[in-house]
Amino acid sequence: MLVRLRHGLASGELDPLLALCRDLGYSARFLDEGRRLLELSGCGDRTHRTRLEDHPGVVEVVDVGDSHELHARGEERPDTIVHIGGAAFGGGHASIAAGPCSVEDYDRLLELARGVQDCGISILRGGAYKPRTSPYSFQGLGIVGLEMLAAVRAETGIAIVTEVLDPRDVERVAQVADWIQIGTRSATNFPLLTEVGRAGKPVLLKRGFGATVREFQLSAEYVLDTGNEQVVLCERGVRSYDNTTRNLLDVGAVAHLVNATHLPVIVDPSHAAGRADLVLPLARAGLAAGADGLIVEIHDDPAIAKSDGQQAISLQQLRELTHDAQKVLALDGRTLSIESGPSTRQTSSVQEPIQ
Ligand code: PEP
Ligand code: MN
């Protein structure tokens, strides 16, 4: 490990730092006369980078050596592949999840699920609990929405990704979800990250809209630290000074993360664009930057959607997007998980009430 120290540390500051290095199991030696570059030799541990960065005498950890955090690719760590139903993310596999922003009513959800399956897509998105900026906006149907998702899952065999907002709802959401979403507004809700990790289901972690890439990685670390390795990162755009698009899709972060972490990385072009007409180009850009898949909002009648109608694409556009995705992925030898037609698999014939 290589650590850069603050200039002119007094021995009263330096001695405790050297003692910390010894406690962490390292032998330390300075590489320069000014005693600012400290080389640490010893066994690494995922906690050491933060422990050292938290010390007031440390400017930065220049090289983590063997002290890789859990999300980091490290040396020769293979891609983590996350399976959700018949879909796979990572390791050369890409997949798409699609569905309405919110669960609105059963018949609409079922029709959309069938339409999604007709496109060969096997994961349905839909929020029962909605994180809305205003308390007066539609907040989602809650448990009733979860029951609709469970019923559609049982009817069609489609896998479900849905968001949880409150640590107290995690168990309930995990009964229905094949993949649990943590939204951008919850990316630093650390108790929620831990609770979702412990649920043992695959996790879809969105980047906080004001989070640096490092902060995003550390949000993932909270989930991984519970022992749950089934984490998919999602770039959904960050705040910028320009409101031409709702958010600024950070394709650079996608390109960086696919190398910096072993976790799959997907793109949400819908919340990045905030406009239906830009969803397809942003989806293509995300995949071209190396993303392992997409999550996309659709609606059959966006004008009456209860949330995010302005960015919902049609099933016809979703079909186009699926074709485009296959072409873009083929450029670097990757494949899209596609099912040949509507699945008739019944996940459960008897509906258990959601507690
Ligand atoms: C959503 O998926 O509908 C959503 C609210 O996403 P985000 O957390 O990225 O805003
Ligand atoms: Mn939405």
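The values are calculated or read from the model by the stated rules, or taken from the named source; none is laboratory data. Just so we're clear, the structure is a prediction, and the values are computed from it rather than from any experiment. All Cβ positions, glycine included, derive from the backbone under ideal geometry; neighbour counts span all protein chains shown.
Some points to look at:
- If only residues of region 209-232 that are under 10 Å from the mean Cα position of the chain (by Cα) and not in a helix (DSSP H, G or I) are counted, the one that is farthest from R246 (Cα to Cα) is V231.
- Candidates L146, L193 - the one that is crowded, with 24+ Cβ neighbours inside 10 Å, part of a helix (DSSP H, G or I), out of contact with any Pro (no Cβ under 6 Å at 6 or more places or on another chain) and without any contact (Cβ under 8 Å) to a residue 60 or more places away in the chain: L193
- Which numbered condition G25 fails, given (1) in contact with a Cys (Cβ under 7 Å, 6 or more places away or on another chain); (2) under 30 Å from V265 (Cα atoms): (2)
- In region 167-179, the residues that are assigned by TED's automatic domain parsing to the domain that holds L294 and in a helix (DSSP H, G or I) reach residues that are crowded, with 21+ Cβ neighbours inside 10 Å and among the polar types (S, T, N, Q) with C-beta atoms within less than 7 angstrom, at least six apart or across chains, in these pairs: V173/T162; V176/T162.
- The listed residue being touching a strand residue (DSSP E or B) at 6+ places or on another chain (Cβ under 7 Å), within 16 Å of ligand 1 (Cβ to nearest atom) and polar (S, T, N, Q), out of T133, T162, T80: T162
- Just one residue in the set I160, I121 is closer than 21 Å to L315 by Cβ, crowded, with 23+ Cβ neighbours inside 10 Å and more than 16 Å from ligand 2 (Cβ to nearest atom); that residue is I121.
- Restricting region 299-319 to residues that are among the hydrophobic types (A, V, I, L, M, F, W, C) and crowded, with 16+ Cβ neighbours inside 10 Å, the residue that is farthest from L278 (Cα to Cα): A305
- Selection within region 59-102 - within 30 Å of G309 (Cα to Cα) and in a loop (DSSP other than H, G, I, E, B): G85, G86, P100, C101
- Test set (1) within 15 Å of ligand 1 (Cβ to nearest atom); (2) free of Cβ contacts under 8 Å to residues at least 40 places away in the same chain; (3) of a type in the set (D, E) - E39 fails condition number: (1)
- Considering residues of region 187-207 that are in contact with a strand residue (DSSP E or B) (Cβ under 8 Å, 6 or more places away or on another chain) and small (G, A, S) only, the residue nearest to ligand 1 (Cβ to nearest atom): A187
- Residues of region 42-58 that are surrounded by 13 or more Cβ atoms within 10 Å (Cβ to Cβ) and either assigned to a loop (DSSP other than H, G, I, E, B) or touching a strand residue (DSSP E or B) at 6+ places or on another chain (Cβ under 8 Å) (or both): G42, G44, D45, R46, R49, L52, H55, G57, V58.
- Candidate set from region 286-307 (those that are in contact with an Asp or Glu (Cβ under 7 Å, 6 or more places away or on another chain) and more than 22 Å from V203 (Cβ to Cβ)); member that is nearest to ligand 1 (Cβ to nearest atom): K306
- Of all residues in region 77-96, those that are closer than 29 Å to S67 by Cβ and surrounded by fewer than 19 Cβ atoms within 10 Å (Cβ to Cβ) total 6.
- Within region 250-294, the set of residues being buried (at least 18 other Cβ atoms within 10 Å of the Cβ), more than 17 Å from A94 (Cβ to Cβ) and aliphatic (A, V, I, L, M) comprises A253, A272, A273, A276, L278.
- Residue match in region 228-235 (condition: within 16 Å of ligand 2 (Cβ to nearest atom) and either in the same structural domain as A97 (by TED's automatic domain parsing) or touching a residue at least 60 places away in the same chain (Cβ under 8 Å) (or both)): yes
- Only one of A94, A98, A113 that is touching an Asp or Glu at 6+ places or on another chain (Cβ under 9 Å), among the aliphatic types (A, V, I, L, M) and within 16 Å of ligand 2 (Cβ to nearest atom): A98
- For region 293-343, the set of residues classified as over 24 Å from the mean Cα position of the chain (by Cα), within 14 Å of ligand 2 (Cβ to nearest atom) and among the polar types (S, T, N, Q) is empty.
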